[in-house]
Amino acid sequence: MSVNGKKVLHMDRNSYYGGESASITPLEDLYKRFNIPGSPPASMGRGRDWNVDLIPKFLMANGQLVKMLLYTEVTRYLDFKVTEGSFVYKGGKIYKVPSTEAEALASSLMGLFEKRRFRKFLVYVANFDENDPRTFEGVDPKKTTMRDVYKKFDLGQDVIDFTGHALALYRTDDYLDQPCQETINRIKLYSESLARYGKSPYLYPLYGLGELPQGFARLSAIYGGTYMLNKPIEEIVIENGKVVGVKSEGEVARCKQLICDPSYVPDRVTKVGLVIRVICILNHPIKNTNDANSCQIIIPQNQVNRKSDIYVCMISSAHNVAAQGKYIAIASTTVETGDPEREIKPALDLLEPIEQKFVSISDLFAPTDLGTESQIFISRTYDATTHFETTCDDIKDIYKRMMGSEFDFEEMKRKKNDIYGEQEQQ
C-alpha cells in the first residue's frame with residue numbers, strides 16, 4: 001500500500017512484529033506464553049539463542065511470497081537457507097518426496113512399473129502449457145478432472161496420495177473432482193521451486209519468520225509508512241456504516257480504510273474451523289531424514305484415515321532459531337474430532353523422544369463480508385498448511401477488494417529513482 005502511494009499507519013497491540021505469526025524470543029517468553037511452570041532447563045542453552053515461530057511456514061522458492069520479496073527488494077533485509085528435504089509418510093514410514101524424473105526412478109515409494117508411469121506423468125506436467133493446446137494430449141484443462149488425469153496415466157492410490165498432497169500440496173482430496181489445470185500448475189510450481197536450489201522447494205529465513213513482517217515494515221517506512229507497537233486498540237470508530245478511525249489511548253487516528261486480523265473485530269468474523277499446532281523441542285534430527293537440519297514431512301490424510309493432512313516443519317540451530325544441537329519441530333493439522341491431541345499423534349510419534357512440547361489449539365476465522373460497505377478489510381486466520389501460498393492468495397484478495405484492481409507484481413518493483421533509506425542518510 002505504501003509503495004502505491006497510500007498513507008499507511010500500522011498499529012499493533014503487541015510489543016513485537018508479526019501478530020499471531022511472530023517468532024518468540026527468548027525461550028523463557030515461550031514457556032510463559034504456554035503457562036509452563038519454571039524456567040527452561042540449562043540443557044536448552046541460552047534463552048536468547050531461540051526464535052520460535054508460533055505458526056510454522058516455509059516459502060516456496062518460486063512462489064508468490066518470494067516474488068513479492070524480490071520485487072520489493074525486502075530481500076535486502078533477510079537471509080534465507082534452503083530446507084534440506086521434503087518427505088512423505090506412507091505405511092508408518094517416511095520417504096523422500098520424488099519430484100524429478102531421476103528421483104522418481106530411484107524412489108523406494110513405488111514399484112518398477114509404477115515408476116515408469118509416474119515418470120511419464122512428470123514429463124507431461126513439465127511440458128504442459130495452458131496456452132499451447134498441443135501439450136494437452138487430449139486433456140481439457142478447464143474441464144477434465146484430476147481424477148481422470150491420474151486414470152489416463154494409470155497411477156495407483158499411493159502415488160495419487162503423494163502427488164496431490166506432497167507435490168500439489170492440497171490438504172484434502174476435494175481437488176480430485178475439480179478441473180485439473182490448478183493441480184498441474186501447483187505441481188509445476190513445486191518442480192520449478194525445487195529446480196532453483198536442488199535440495200527441496202522450500203526456503204526459510206534465518207532468525208525465524210518474525211523477520212518477514214520486520215522486512216516489510218522497513219519497506220513501508222521508506223515509503224512514508226508509520227509503525228506503532230504496544231498500541232492497545234480501544235475502538236474502531238464507525239460513522240454511517242463506514243470506518244472513519246481507530247481509537248487508542250484516548251486518541252483517534254482517522255482513516256478511510258482499515259485492514260486488520262480477526263482478533264480486532266470479533267463481531268465481523270465467523271469461525272470456520274480449528275487448528276492444532278504442537279511445537280516440539282528435540283535434541284536430535286528426525287529419524288529417516290538423513291540427519292537433515294531442516295525438513296518438511298507431509299502425512300497424507302488417507303494414510304491415517306483422516307479428511308485433512310498432518311504437517312511437520314523442522315528447523316534447527318543452522319537457522320539461528322535454536323541453541324546449538326537443538327531442533328524445533330512443529331506439527332500442525334486441521335482439527336476434525338473432539339480429541340485434537342490424538343489426531344496429531346502420528347506426527348509426534350515420528351519425533352520421539354521429545355524434550356518439551358507446547359500445544360496450542362486455535363480457532364480459524366474468516367470475514368463475514370467483503371468490507372466493501374464498511375471499508376474494513378479482514379484477513380483470514382493462518383491455516384494449517386506449511387507454506388505461504390494460501391496466505392498470499394488472501395493478501396491479493398484483500399488488495400483487490402480495497403483497490404478495485406488485481407494485485408500486479410510488476411507494480412511492486414521499486415522505481416529506479418526511489419529513495420532508499422541508505423542513500424537518504426548519505
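Couple of notes before you dig in:
- Test: residue in region 165-175 that is under 30 Å from residue 48 (Cα atoms), touching a Gly at 6+ places or on another chain (Cβ under 7 Å) and open to solvent by less than 20 Å² (accessible area, probe 1.4 Å): no
- Within region 43-70, the set of residues being closer than 17 Å to residue 315 by Cα and of a type in the set (D, E, K, R) comprises 48, 49, 53, 57.
- A count restricted to region 288-308 and to residues that are more than 21 Å from residue 343 (Cα to Cα) and out of contact with any Cys (no Cβ under 9 Å at 6 or more places or on another chain) stands at 5.
To keep it simple, each residue is scored yes or no on (1) closer than 20 Å to residue 53 by Cα; (2) open to solvent by less than 40 Å² (accessible area, probe 1.4 Å); (3) touching a helix residue (DSSP H, G or I) at 6+ places or on another chain (Cβ under 8 Å).
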residue	(1), (2), (3)
331	yes, yes, yes
338	no, no, no
346	no, yes, yes
382	yes, no, yes
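- Near pairs, Cβ below 7 angstrom, 6+ apart or cross-chain, from region 110-136 (on the phi < 0 side of the Ramachandran plot) to any residue that is open to solvent by 40 Å² or more (accessible area, probe 1.4 Å) and modelled with pLDDT of 90 or more: 117/154; 124/137; 135/127; 135/129
- Strands (runs of 3 or more DSSP E) (entirely within region 192-251) containing at least 2 residues that are closer than 21 Å to residue 395 by Cα, among the acidic types (Asp, Glu) and at pLDDT below 90: none
- Meets criteria (without any contact (Cβ under 8 Å) to a residue 40 or more places away in the chain, over 28 Å from residue 349 (Cβ atoms), surrounded by fewer than 21 Cβ atoms within 10 Å (Cβ to Cβ) and of a type in the set (A, V, I, L, M, F, W, C)) for residue 65: no
- Subset of region 32-48 that is in contact with a Phe, Trp or Tyr (Cβ under 8 Å, 6 or more places away or on another chain) and open to solvent by less than 30 Å² (accessible area, probe 1.4 Å) - its residue that is nearest to residue 363 (Cα to Cα): 40
- Taking region 65-93 as the range and being aliphatic (A, V, I, L, M), within 25 Å of residue 168 (Cβ to Cβ) and out of contact with any Cys (no Cβ under 9 Å at 6 or more places or on another chain) as the test, the residues that pass are 66, 69, 70, 82, 88.
- Per-region count, region 68-90, residues assigned to a loop (DSSP other than H, G, I, E, B) and under 25 Å from residue 327 (Cα atoms): 5
- Selected residue (criterion: modelled with the highest pLDDT) from residues of region 1-29 that are open to solvent by less than 50 Å² (accessible area, probe 1.4 Å), within 14 Å of residue 217 (Cα to Cα) and not in a loop (DSSP other than H, G, I, E, B): 11
- Residue 346 meets each of the listed conditions (1) of a type outside the set (Ser, Thr, Tyr); (2) assigned to a helix (DSSP H, G or I); (3) over 15 Å from residue 286 (Cβ atoms) apart from (3).
- Of all the residues in region 163-191, those that are at pLDDT 90 or above and in a helix (DSSP H, G or I) number 19.
- For region 83-106, a tally of residues being open to solvent by less than 40 Å² (accessible area, probe 1.4 Å) and in contact with a strand residue (DSSP E or B) (Cβ under 7 Å, 6 or more places away or on another chain) returns 8.
- Scanning region 123-156 for residues that are touching a helix residue (DSSP H, G or I) at 6+ places or on another chain (Cβ under 6 Å) and in a helix (DSSP H, G or I), we see that the one that is surrounded by the fewest Cβ atoms within 10 Å (Cβ to Cβ) is 127.
- Filter pass, residue 363 being open to solvent by 40 Å² or more (accessible area, probe 1.4 Å) and either at pLDDT 95 or above or not in a loop (DSSP other than H, G, I, E, B) (or both): yes
The values are calculated or read from the model by the stated rules, or taken from the named source; none is laboratory data. In this text the structure is predicted, and so the values were computed from the model without any measurement. Positions of Cβ are backbone-derived with ideal geometry, glycine not excepted, and every protein chain shown enters the neighbour counts. Only protein heavy atoms, including side chains, enter the accessible area calculation; ligands, DNA and RNA are left aside. Shrake-Rupley method; radii C 1.70, N 1.55, O 1.52, S 1.80 Å.
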